[in-house]
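For reference, the structure discussed in these notes is given below.
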Amino acid sequence: MNGIHFSRMLFISVFFWILTLMLTLTLTLTLTLTLNPTLTPAVTLDPILAYNAEDFINNLQWSSSQPDWVAIAFKRNLQILRV
């Protein structure tokens, strides 16, 4: 009877030790990723359209009546671009 009781207690203690280890590793990993956001993968979005003007853009107009065209003013220039 003592042998069965001992093996059952050993099984229960090993089971709880493994469960505790798994929970500790899970919490450690979760806290590490939460507190250190540089370890999480970064999502970068590239623009679909890009435009480089020769100088700072002073004004930009995009009309709702002509949605295919954009007017950009920089320096003393005005460019009307088809989107």
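The values are calculated or read from the model by the stated rules, or taken from the named source; none is laboratory data. All figures in this text were calculated on a predicted structure; none of them were measured in a lab. Here the Cβ positions follow ideal geometry from the backbone for every residue, glycine too, while neighbour counts run over all protein chains shown.
For the stretch 61-78, a tally of residues being surrounded by fewer than 12 Cβ atoms within 10 Å (Cβ to Cβ) and assigned to a strand (DSSP E or B) returns 1. Between a residue in the stretch 52-65 that is under 14 Å from L78 (Cβ atoms) and any residue that is in a loop (DSSP other than H, G, I, E, B), which pairs come within a Cβ distance under 7 Å, given they are 6 or more apart or on different chains? Partner pairs satisfying both residue conditions: E54/K75; D55/K75. Just one of the numbered conditions (1) surrounded by 12 or more Cβ atoms within 10 Å (Cβ to Cβ); (2) at pLDDT below 80 is not true of L35: (1).
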